[in-house]
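Down below is the structure, laid out as structure tokens.
The values are calculated or read from the model by the stated rules, or taken from the named source; none is laboratory data. Here the structure is a predicted model, which is why all the values come from computation and not from measurement. Every residue, glycine as well, gets a Cβ built from its backbone with ideal geometry; the counts of neighbours run over all protein chains shown. When the accessible area is computed, the model is the full protein with side chains, heavy atoms only, and any ligands, DNA or RNA have been set aside. Shrake-Rupley method; radii C 1.70, N 1.55, O 1.52, S 1.80 Å.
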Amino acid sequence: MATTVILGSGVIGLSTAYYLARQQPGSSIHLVDSSPELFASASGYAGGFLARDWFHGSVSELGALSFDAHRALADAEGGRDRWGYSRSVTLSYEPSGRRDDARRGEDWLLEGTSRVGVVGDRAERREGEAPAWLRRADGDVVNVVDDGEGTAIVDPLKFCHFLLGECKAAGVHVHHPATALSVQTDVRGELACVCIGYTDSSTETEIPATRLLLCAGAWTPQVLTSLFSSAAASDIPVASLGGHSLVVKTPGGSRAGDVCHSVYCSLDSLSPEMYSRAEGVIYLAGVNSAAIPLPPLATGAAPVHESVEELKSIARRLIKLDGELEVVRTGLCFRPITDRGTPFLTRLTDEQLGGGTRTRPGADGGVFVAAGHGPWGIALSLGTGMVMAELMGGKKTSADISGLGL
């Protein structure tokens, strides 16, 4: 059985290790992460929105597979209590009426428009569906996009900690803070070992491995460059988009009932997103910038004061407060984005590695990539983990990912 090293212990790496441990001994799987604190970027600071059929083309099957896997896992493992899984009524809210010029489609993230645009014009007006905490005014428009059957919400940080616990219980090795220093080959020139260094102790160790998965989010191209030919980095065109967020207490401290709410808003030049969570908080995001430099480590992210204040101002405008805004947490994370708007889920060819390293054929080896999920990392996590485990194991994948190669 091939030993596998997974570089990146965010939600994609954890999901892959979780499913991979079902088809091979957990002790043959190694998770490696350079950050001193796990889940310090998108995996811990995302909104946690899940959707079943908001995806088109090459991602549609993966989206449905992942949504169904999230629901099944929550039902089986008490997801409501353990990581806040809940059905979510999803709304489109426009305080000053419908914006006829709002752009729609897969370009919504980079162009500052609403995520809800990816589902087209299927929303319908239903009065009384808006949550009690949403500030309403004469002339605004509220449309129900999903009644909670096809959308849901989780607390990403709690979900990642659940997956981490499951992986450890299965015997998966977790190395952090540690960084991959080099790869080594056997006498045939095939990948045989990954050398990692522990950054908190300056010690190094060699992990015999013939399979390698790169899933370090926005840092994935850098990881590839450090291990293989620099020319190979261009084959993974993943960039970063910095995004600020707030978590605030729900007015009155009320906890959500059986159903939470996801609210997408068109407001001036921004498109804020708000998600109520089961534990009685509201997540707010929508102030993004591709100009924020990607730090060497996820823990190096420093929220921009002006962006945080802008989010607080939006919260005061859109949330019906009883008194002062109670901020639980502020954050800045970096989403791994691609020009085409879809992730890369594939096995790299030896040529794409720069020609200096070969890999064993079939399920015995390979260098794989799972990166570029943009704002859909949590939503697509379980489906991605499932198909990547199948791909590495030489099995037929549960969703068609033929359009997600390089």
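General remarks:
- In this calculation the C-beta distance from E204 to S27 is compared with R0 = 25 Å, giving a FRET efficiency of 0.75.
- Average Cα contact separation per residue, the range 275-390, under 8 Å, 6 or more apart, as relative contact order %: 21
- For the chain, modelled as a GNM whose springs connect Cα atoms under 10 angstrom apart, the maximal fluctuation among G242, G150, G356 occurs at G356.
- Multiplying the residue separation of T185 and A169 by 0.36 nm and subtracting their alpha-carbon distance yields 2.7 nm.
- Spatial separation of Cα centroids for the range 57-78 and the range 130-204, in angstrom: 16
- If you run the Gaussian network model on the chain, springs between alpha carbon atoms under 10 Å, then out of D268, D350, D155 the most flexible one is D268.
- With contacts taken as Cα pairs under 8 Å and at least 6 residues apart, the chain reaches a relative contact order of 26 percent.
- Computed [θ] at 222 nm, helices only, for the chain once each DSSP H run of length n ≥ 4 contributes -39500 (n - 2.57): -7000 deg cm²/dmol
- Linear extension gain, V327 paired with H305, 0.36 nm per residue minus alpha-carbon span: 6.5 nm
- The accessible surface of the chain, taken with every protein chain in place and a 1.4 Å probe, is 48 percent carbon and sulfur.
- Springs between Cα atoms under 10 Å define the GNM used for the chain, and in it the highest mean-square fluctuation of C265, C160, C195 occurs at C195.
- Look at the alpha carbon pairs under 8 Å that are at least 6 residues apart: their mean separation over the length of the range 331-406 gives a relative contact order of 38 percent.
- Spatial separation of Cα centroids for the range 348-392 and the range 311-331, in angstrom: 40
- Matching label, volume of the Cα convex hull per residue in Å³ computed from the structure shown, candidates (1) 172; (2) 132; (3) 160: (2)
- Positive-end residue, the range 162-237 charge dipole about Cα centroid, Cβ charges, pick of A216, S229, C193: A216
- For the chain, a simple Cβ point-charge model (Lys and Arg +1, Asp and Glu -1, everything else neutral) yields a dipole of about 380 debye relative to the Cα centre.
- Estimated vicinal HN-Hα couplings, Hz - the range 130-137 in sequence order (Karplus 6.51, -1.76, 1.60; Gly, Pro = x): 5, x, 5, 7, 7, 6, 10, 9
- The residues of the chain have, on average, 39 Å² of accessible surface per residue, using a 1.4 Å probe with all protein chains present.
- Each of the peptides 29-41, 12-24, 377-389 was scored by the mean count of other Cβ atoms within 10 Å over its residues; in descending order, highest first, they stand as 377-389, 12-24, 29-41.
- Here each label is just a point 7 Å from Cα along the line to Cβ, and for A239 and D268 those points are 2.5 nm apart.
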